[in-house]
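Report on one structure; see the data block that follows.
The values are calculated or read from the model by the stated rules, or taken from the named source; none is laboratory data. No experiment lies behind these values; they were computed from the predicted model shown. Note that each Cβ is placed from the backbone with ideal geometry, even for glycine, and that neighbours are counted across all protein chains shown. Only protein heavy atoms, including side chains, enter the accessible area calculation; ligands, DNA and RNA are left aside. Shrake-Rupley method; radii C 1.70, N 1.55, O 1.52, S 1.80 Å.
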Amino acid sequence: MRADGIDVISFGAGEPDFNTPKPICDAAIEAIETGFTKYTPSAGIKELKEAICGKLSRENGLTYSPDQIVVSCGAKHSIYNAIQMLVDPGDEVILIAPYWMTYADQVLLAGGVPKVVYTSAANGFEPELDQIKAAITDRTKAILLNSPSNPSGGVISDDVLAGISELAQRHDFWVIADEIYERLVYGVTPKSFATFGAQDRTITVGGCSKSYAMTGWRIGFAACPLPVAKAMSNFQDQVTSNPNSIAQKGAVVAFNLPASTVEDMRVEFEARRDLIVRLLTDIPGVSILPPKGAFYAFPDISAHLRPGESDLDLAAELLEKAHVAVVPGSVFEGPGHIRLSYATSRKNIEEGVRRIKDALSHR
Ligand SMILES: Cc1ncc(COP(=O)(O)O)c(C=O)c1O
């Protein structure tokens, strides 16, 4: 539509609209200029693994040795490697809905079976322990946690994390903790899942895509028990070899930077979150739980759906008639909602939500 000259406002972006901080870019340029452009060890250079261990110790209170770290081409790749190594055909993996759709597809790619636990705004998009208990069977191989969450912006409380940690140990399953949005939090300071006592069965996944505005660099990591790290590293060795050498040099700088370097970005996201929540709350028939993390608003628009209509229909209509792009909640197993990324300017947020309000008032 944009190519046809239509002024579309997009709330679709899954990435910060900021530039990568300069010291990171400088390190990558230096890597090119000094010829650091060859293969590296498959699981990443030692310097980067050490920087990740330093970050995990400093910021997350977790002790890992460099041989427990596998650096991959983004956190998505880390999660894929972990699922491929842990999940056998027929194994069940518990997912907390609404979830990032990649999880379900990656479980299916391994021949696994997603077991979905549903949450809603009413309980802060947080699973109840009883729901998780009810989903556990003798085929449960793992649970996938994502806090702060894409798409809901929910953050799982310490009590629930501690309960899941206890369940994982009691029922002998793995936990893949996707903490990619850990730095983008508003008024809360979530703890890493592995600090709750199940580090020996946890794959902690992180990266620099969201925290340092480095989505295109493709660097993510998994921190895990040594046998899992070895398996993931061997697997990656036969699939992609090392992540990009130049990006690894940039990531070394990123993981050594103090959190204050990207504080301006977090503060701006918080202001946009406040803005979009205020504007969406102002639309009759739309309700939203203020997100505590990431950069997504996930309002409930079900009151605007006519009989037989879904959020997919509404999202299509918003695009066609209001020229606003949103992601329908159903793709995240969150029907009746739409996802709006506020990784866009305040001006776009104001104009985009105005268009949505206008379109909904004329239905
Ligand atoms: C929940 C979640 N995990 C992981 C990723 C992927 O991050 P990366 O760019 O490091 O692969 C995303 C990207 O949108 C995400 O939303």
Accessible-area value, Cys25, 1.4 Å probe, nucleic acids and ligands omitted, Å²: 40
Calculated from DSSP H runs of 4 or more alone, at -39500 (n - 2.57) each and per residue, what is the 222 nm mean residue ellipticity of the chain, nearest 500? -11500 deg cm²/dmol
Going down the table (Lys55/Lys292; Lys292/Lys321; Lys22/Lys55; Lys141/Lys249; Lys22/Lys347; Lys76/Lys230), which pairs top 29 Å between alpha carbons? Lys292/Lys321; Lys141/Lys249
Around Ser120 (Cβ within 13 Å, Cβ-to-Cβ, excluding Ser120; K/R +1, D/E -1) the net charge comes to -4
Using alpha carbons only, how many angstrom separate the centre of region 81-124 from the centre of region 255-303? 25
When the chain is treated as a GNM, springs tying every alpha-carbon pair under 10 Å, which of Pro89, Pro290, Pro114 comes out with the largest mean-square fluctuation? Pro89
Could you pull the accessible area for His77 with a 1.4 Å probe, rounded to 10 Å²? 30
Using alpha carbons only, how many degrees (0 to 90, rounded to 10) separate the axis of helix 263-281 from the longest principal axis of the chain? 30
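Whole number in Å², please: accessible area per residue of the chain, 1.4 Å probe, ligands, DNA and RNA not counted.
On the way: 15010 Å² over 363 residues.
Spelled out: the 1.4 Å probe surface of the chain, per residue, equals 41 Å².
Can you give the net charge of the other residues whose Cβ lies under 9 Å from the Cβ of Pro290, counting K and R as +1 and D and E as -1? Show your work: numbers first, answer last.
Working: positive: Arg273, Lys292; negative: Asp274.
Result for the neighbourhood of Pro290: +1.
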Compute the acute angle (0 to 90°) between the alpha-carbon long axis of helix 75-86 and the principal axis of greatest extent of the alpha-carbon atoms of the chain; round to the nearest 10°. 60
Environment charge of Gly163, counting only residues whose C-beta is closer than 13 Å and scoring Lys/Arg +1, Asp/Glu -1: -4
Search the structure for amide H atoms under 5 Å from the amide H of Ala325, placed 1.01 Å from N in the peptide plane, and list their residues when 5 or more places away or on another chain. Ile9, Ser10, Phe11
In a Gaussian network model over the chain where Cα atoms closer than 10 Å are linked, find which of Lys133, Lys210, Lys292 has the largest mean-square fluctuation. Lys133
Taking a 1.4 Å probe, which of Lys55, Lys38 shows the most accessible area, and what order do the others take after it? Lys38, Lys55
Heavy atoms only, 1.4 Å probe, whole protein assembly: order Asp7, Asp358 by accessible area, highest first. Asp7, Asp358
Residue by residue through region 349-363, the couplings from Karplus 6.51 cos²θ - 1.76 cosθ + 1.60 with θ = phi - 60°, in Hz, x for Gly and Pro, are 4, 5, 5, x, 5, 4, 5, 5, 4, 5, 5, 5, 6, 9, 7
Explain nothing, just compute: Karplus ³J(HN,Hα) = 6.51 cos²θ - 1.76 cosθ + 1.60, θ = phi - 60°, for every residue of region 173-184 in order, whole Hz, x for Gly and Pro. 10, 8, 10, 9, 9, 8, 10, 4, 9, 4, 7, 9
Enter the accessible area of Val324 (Å², nearest 10), with the probe set to 1.4 Å and all protein chains included. 0
Rounded to a whole number, what % of the accessible area of region 189-277 do carbon and sulfur atoms account for, probe 1.4 Å? 52
Kindly write out, for region 54-69 in residue order, the coupling ³J(HN,Hα) from the Karplus curve 6.51 cos²θ - 1.76 cosθ + 1.60 (θ = phi - 60°), rounded to whole Hz, with x marking Gly and Pro. x, 4, 5, 6, 5, 9, 10, x, 10, 9, 10, 9, x, 6, 9, 10
